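All remarks here apply to the structure that follows.
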Amino acid sequence: MAALSRPARVSIRAALPGEGTTIAALWRELWDAHEAWGGYPGSRDARVYSQLARRIDDDARVRAGHPTLGRHVHLVADLAGVACGQVEGWFERHGGDTTTPFTCEVRSLIVTARARGLGAGKALLDELAESAAALSAAAPCVLAAEVLDANPATSFYDRLGYVPVSYNARVDSARPAWVSGHMLRARVAHARDALAIACLEGALAARRRDAGDVRFDRPRAVDATMVSAIAAHLGADDGGPARDPLTLVSVDEEGVVRAAASFTTHPLEPPFVPMKRALLGRFAVDAGPAEALVAPLVGLACRLARAQGAPLVELTDLSAPGTPLHDAVLSAGASAWSRVVARYAR
């Protein structure tokens with residue numbers, strides 16, 4: 001009678017020097033899949049992945065068998081001595097409130113086809129949760145991952161207890177100008193807008209908490225310290241240096257600030273195809289009609305993005321589909337794109 005063979009078991013460890021080429025191939029598989037799901041295109045240039053492989057090997061030598069280096073965690077799934085998957089985590093705290101949980105952002109999770117069904121993805125996330133919990137030193141810590149809407153991993157995260165806490169959309173920066181029947185316009189914020197923006201920050205914090213997103217600070221009372229900090233970031237309104245990110249505001253016909261959002265651009269680096277990425281997020285709106293308040297912000301962001309060579313604008317940190325904010329960005333020409341799912345590390 002033939003002996004029954006056991007399926008190989010997956011183990012989780014740090015990357016080792018010399019396997020950079022194998023891990024770079026995993027990255028290429030991941031970016032190819034992301035592009036097929038509507039993500040940014042990855043490079044097809046083999047030289048890019050050769051350079052990436054060398055960087056991975058150099059990083060592994062510095063880590064010397066430890067997955068955590070500073071705030072960055074890099075874990076590899078091992079199947080019969082060969083890397084068959086990987087995940088990265090970036091550890092930080094959003095905001096200044098010490099009661100706000102730490103966040104470990106899940107990045108570049110991939111399990112190659114030959115190892116799927118063996119529990120490698122779950123094992124990678126479980127070990128990442130352990131690493132994040134160690135970094136937080138017993139303080140609460142949340143794992144969060146952005147998942148494209150077309151990514152079949154959505155159901156995988158559901159099974160592991162991750163729940164959606166925010167949503168993202170995307171719009172072509174060359175979209176037609178939005179025409180409104182309301183007397184609202186958008187502009188770059190000035191230091192004199194600091195008090196109005198501070199008041200809107202409370203609405204933003206409350207919206208996040210209502211959605212179950214604990215990654216950010218709770219609402220706090222507006223005080224002079226908060227207003228001064230916002231004013232300092234915005235800079236002088238007499239032609240002072242532009243700040244990154246920019247704060248954009250929607251104002252009514254009387255010049256009253258009714259909504260605010262944060263805009264930034266940065267270049268995508270290899271292994272992505274080089275291009276500018278633009279983001280508009282942190283939407284804070286008052287009790288007025290969301291469409292009238294949000295659409296001018298989207299329109300201004302598109303103009304700024306075009307001027308900087310960004311073909312698309314990501315609209316981030318949105319509330320759930322069917323809510324006024326989410327409906328407003330869709331009415332402004334955007335399309336639903338991804339969601340952020342989260343769970344506590346322990």
Subject >> Residue within the range 175-187 that is modelled with pLDDT of 95 or more and either part of a strand (DSSP E or B) or more than 26 Å from LEU315 (Cβ to Cβ) (or both) present >> reply: yes
Original post:
Pick from the range 9-31 the residues that are in a loop (DSSP other than H, G, I, E, B) and exposed (fewer than 15 other Cβ atoms within 10 Å of the Cβ): which of them is modelled with the lowest pLDDT?
Top reply: ARG9
**OP:** Could you list all residues from the range 191-239 that are more than 23 Å from the chain's Cα centre (by Cα), charged (D, E, K, R) and surrounded by 16 or more Cβ atoms within 10 Å (Cβ to Cβ)?
**Re:** ASP193
Original post:
Would you pick out the residues in the range 32-69 that are at pLDDT 95 or above and of a type in the set (S, T, N, Q)?
Top reply: SER50, GLN51, THR68
Original post:
Which residue pairs have Cβ atoms under 7 Å apart, sit 6 or more places apart or on different chains, and have a first residue in the range 324-345 that is assigned by TED's automatic domain parsing to the domain that holds VAL147 and under 21 Å from ARG209 (Cβ atoms) and a second that is buried (at least 16 other Cβ atoms within 10 Å of the Cβ) and modelled with pLDDT under 95?
Top reply: none
**OP:** Taking ALA310 as meeting all but one of (1) touching a helix residue (DSSP H, G or I) at 6+ places or on another chain (Cβ under 7 Å); (2) buried (at least 21 other Cβ atoms within 10 Å of the Cβ), write down the number of the exception.
**Re:** (1)
Subject >> From ARG282, ARG277, ARG339, ARG343, residue being surrounded by 16 or more Cβ atoms within 10 Å (Cβ to Cβ), modelled with pLDDT of 95 or more, within 18 Å of the chain's Cα centre (by Cα) and at positive phi >> reply: ARG282
**OP:** Take the range 240-276 and flag every residue that is among the β-branched types (Val, Ile, Thr) and in a loop (DSSP other than H, G, I, E, B).
**Re:** VAL256, VAL273
Original post:
Give me the pairs: first residue in the range 125-137 and over 13 Å from GLU105 (Cβ atoms), second residue buried (at least 19 other Cβ atoms within 10 Å of the Cβ), beta-carbon distance under 6 Å, and six or more apart or on different chains, which are they?
Top reply: GLU127/ILE12; GLU127/LEU75; ALA133/CYS141; ALA133/ALA345; SER136/PHE102
Original post:
Any idea which of (1) crowded, with 23+ Cβ neighbours inside 10 Å; (2) part of a strand (DSSP E or B); (3) not acidic (Asp, Glu) is the one CYS302 doesn't satisfy?
Top reply: (2)
**OP:** Could you tell me whether the range 79-88 includes any residue that is assigned to a strand (DSSP E or B), of a type outside the set (Ser, Thr, Tyr), assigned by TED's automatic domain parsing to the domain that holds CYS141 and under 14 Å from the mean Cα position of the chain (by Cα)?
**Re:** yes
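The values are calculated or read from the model by the stated rules, or taken from the named source; none is laboratory data. Predicted model, so just to flag it, every value in this text is computed and none were measured. Using ideal geometry, Cβ is built from the backbone for each residue, glycine included, and neighbour counts are taken over all protein chains shown.
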